[in-house]
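The values are calculated or read from the model by the stated rules, or taken from the named source; none is laboratory data. These numbers come from a predicted model, not from an experiment. Counting neighbours? That spans all protein chains shown, and the Cβs are built from the backbone with ideal geometry, glycine included. SASA here: full protein model, heavy atoms, side chains in, ligands and nucleic acids out. Shrake-Rupley method; radii C 1.70, N 1.55, O 1.52, S 1.80 Å.
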Amino acid sequence: MNTFLIDSISAITAEMAGHIVVTGSHGGVSAAHLALAHPPALVVFNDAGRGLDDAGVAGLAILETAGVAACAVSHLTARIGEAESTKTTGCISAYNAPAARTGIASGQPVTVACEAFIAANRTRSGGHAVIASPQA
(Lines give C-alpha, C1' and ligand atoms only; values in the text may rest on other atoms or scores of the structure.)
Protein backbone atom coordinates (compact mmCIF):
# COMPACT_ATOMS: atom_id res chain seq x y z
CA MET A 1 0.00 0.00 0.00
CA ASN A 2 1.43 3.36 -1.05
CA THR A 3 1.02 6.74 0.61
CA PHE A 4 0.46 9.70 -1.70
CA LEU A 5 0.81 13.33 -0.63
CA ILE A 6 -1.35 15.84 -2.50
CA ASP A 7 -1.89 19.40 -1.37
CA SER A 8 -5.43 19.39 -2.80
CA ILE A 9 -7.84 16.47 -3.02
CA SER A 10 -8.74 17.79 -6.47
CA ALA A 11 -5.40 16.31 -7.63
CA ILE A 12 -6.43 12.71 -6.82
CA THR A 13 -5.75 10.27 -9.67
CA ALA A 14 -6.71 6.73 -10.56
CA GLU A 15 -3.31 5.41 -9.42
CA MET A 16 -4.17 6.57 -5.85
CA ALA A 17 -7.34 4.46 -5.64
CA GLY A 18 -7.06 1.86 -2.89
CA HIS A 19 -4.03 3.53 -1.29
CA ILE A 20 -3.47 6.11 1.46
CA VAL A 21 -3.93 9.73 0.36
CA VAL A 22 -2.76 12.50 2.68
CA THR A 23 -4.03 15.95 1.69
CA GLY A 24 -3.96 19.53 2.82
CA SER A 25 -7.62 19.94 1.86
CA HIS A 26 -10.53 20.52 4.22
CA GLY A 27 -12.68 17.46 4.89
CA GLY A 28 -15.95 19.01 3.77
CA VAL A 29 -18.67 17.62 1.52
CA SER A 30 -17.09 18.81 -1.74
CA ALA A 31 -13.75 17.23 -0.77
CA ALA A 32 -15.45 13.89 -0.08
CA HIS A 33 -17.07 13.91 -3.52
CA LEU A 34 -13.71 14.64 -5.13
CA ALA A 35 -12.09 11.76 -3.21
CA LEU A 36 -14.80 9.38 -4.36
CA ALA A 37 -13.75 9.91 -7.99
CA HIS A 38 -10.87 7.49 -7.21
CA PRO A 39 -11.68 6.06 -3.75
CA PRO A 40 -8.59 5.70 -1.59
CA ALA A 41 -8.31 3.11 1.16
CA LEU A 42 -7.67 5.95 3.63
CA VAL A 43 -7.81 9.69 3.10
CA VAL A 44 -6.48 12.28 5.54
CA PHE A 45 -7.80 15.86 5.49
CA ASN A 46 -7.40 19.04 7.54
CA ASP A 47 -10.42 19.95 9.71
CA ALA A 48 -9.93 23.61 8.67
CA GLY A 49 -11.19 24.81 12.04
CA ARG A 50 -14.32 22.69 11.61
CA GLY A 51 -16.57 25.69 10.87
CA LEU A 52 -20.32 26.09 11.19
CA ASP A 53 -22.11 22.77 11.72
CA ASP A 54 -18.76 20.93 11.54
CA ALA A 55 -18.59 21.66 7.80
CA GLY A 56 -14.82 21.13 7.79
CA VAL A 57 -15.26 17.42 8.52
CA ALA A 58 -18.75 16.77 7.10
CA GLY A 59 -17.27 14.74 4.26
CA LEU A 60 -16.10 12.01 6.64
CA ALA A 61 -19.68 10.75 6.96
CA ILE A 62 -20.12 10.66 3.18
CA LEU A 63 -16.92 8.65 2.84
CA GLU A 64 -18.07 6.34 5.65
CA THR A 65 -21.25 5.58 3.70
CA ALA A 66 -19.04 4.65 0.74
CA GLY A 67 -16.86 2.42 2.95
CA VAL A 68 -13.81 4.68 2.76
CA ALA A 69 -11.74 5.24 5.90
CA ALA A 70 -11.24 8.96 6.46
CA CYS A 71 -9.89 11.27 9.12
CA ALA A 72 -8.87 14.88 9.59
CA VAL A 73 -6.11 16.62 11.49
CA SER A 74 -6.60 19.66 13.67
CA HIS A 75 -5.95 22.94 11.88
CA LEU A 76 -3.85 23.82 14.93
CA THR A 77 -1.37 21.04 14.14
CA ALA A 78 -0.90 21.33 10.36
CA ARG A 79 -0.97 23.98 7.66
CA ILE A 80 -4.17 23.97 5.61
CA GLY A 81 -3.37 23.19 1.98
CA GLU A 82 -0.02 21.49 2.66
CA ALA A 83 0.04 17.70 2.57
CA GLU A 84 3.61 17.50 3.88
CA SER A 85 2.56 19.47 6.96
CA THR A 86 -0.48 17.21 7.40
CA LYS A 87 1.82 14.19 7.36
CA THR A 88 4.67 15.49 9.50
CA THR A 89 2.95 17.58 12.20
CA GLY A 90 -0.77 16.79 11.92
CA CYS A 91 -2.65 15.14 14.78
CA ILE A 92 -6.03 13.47 14.26
CA SER A 93 -9.05 15.47 15.41
CA ALA A 94 -11.90 13.61 13.66
CA TYR A 95 -12.37 10.21 12.02
CA ASN A 96 -15.12 7.98 10.68
CA ALA A 97 -16.08 4.43 11.66
CA PRO A 98 -14.04 2.63 8.97
CA ALA A 99 -10.96 4.53 10.19
CA ALA A 100 -11.75 3.73 13.82
CA ARG A 101 -11.94 0.02 13.00
CA THR A 102 -8.28 0.17 11.96
CA GLY A 103 -7.13 1.79 15.20
CA ILE A 104 -7.17 5.45 14.15
CA ALA A 105 -8.07 7.68 17.11
CA SER A 106 -8.12 11.34 18.17
CA GLY A 107 -4.78 12.82 19.13
CA GLN A 108 -2.67 10.41 17.07
CA PRO A 109 0.02 11.87 14.84
CA VAL A 110 -0.76 11.13 11.18
CA THR A 111 2.29 8.88 10.94
CA VAL A 112 0.95 6.72 13.77
CA ALA A 113 -2.56 6.68 12.28
CA CYS A 114 -1.20 5.55 8.91
CA GLU A 115 0.91 2.86 10.56
CA ALA A 116 -2.17 1.59 12.43
CA PHE A 117 -4.16 1.56 9.18
CA ILE A 118 -1.43 -0.34 7.33
CA ALA A 119 -1.02 -2.84 10.17
CA ALA A 120 -4.76 -3.48 10.34
CA ASN A 121 -4.91 -4.05 6.59
CA ARG A 122 -1.79 -6.23 6.61
CA THR A 123 -3.43 -8.40 9.28
CA ARG A 124 -6.57 -8.72 7.19
CA SER A 125 -4.75 -9.53 3.95
CA GLY A 126 -1.78 -11.44 5.35
CA GLY A 127 0.35 -9.39 2.95
CA HIS A 128 3.05 -6.81 3.19
CA ALA A 129 2.71 -3.07 2.88
CA VAL A 130 5.21 -0.80 1.19
CA ILE A 131 5.03 2.94 1.70
CA ALA A 132 6.12 5.41 -0.95
CA SER A 133 5.50 9.13 -0.76
CA PRO A 134 5.60 10.68 -4.22
CA GLN A 135 4.66 14.35 -4.44
CA ALA A 136 1.83 14.99 -6.87
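Before we move on, is Gly126 open to solvent by 30 Å² or more (accessible area, probe 1.4 Å), at pLDDT 95 or above and at positive phi?
Working: open to solvent by 30 Å² or more (accessible area, probe 1.4 Å): yes; at pLDDT 95 or above: no; at positive phi: yes.
No.
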Checking Ile131 against (1) open to solvent by 70 Å² or more (accessible area, probe 1.4 Å); (2) at pLDDT 95 or above; (3) in contact with a helix residue (DSSP H, G or I) (Cβ under 8 Å, 6 or more places away or on another chain): exactly one of these is not met. Which one? (2)
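Between Ala120, Ala72, Ala99, Ala113, which is open to solvent by less than 10 Å² (accessible area, probe 1.4 Å) and over 22 Å from Ala55 (Cα atoms)?
On the way: Ala120 fails: open to solvent by less than 10 Å² (accessible area, probe 1.4 Å); Ala72 fails: over 22 Å from Ala55 (Cα atoms); Ala99 fails: over 22 Å from Ala55 (Cα atoms).
Of Ala120, Ala72, Ala99, Ala113, the one residue that is open to solvent by less than 10 Å² (accessible area, probe 1.4 Å) and over 22 Å from Ala55 (Cα atoms) is Ala113.
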Out of the stretch 5-52, which residues are in contact (Cβ under 8 Å) with a residue 60 or more places away in the chain, open to solvent by 10 Å² or more (accessible area, probe 1.4 Å) and closer than 15 Å to Cys114 by Cα? Ala41
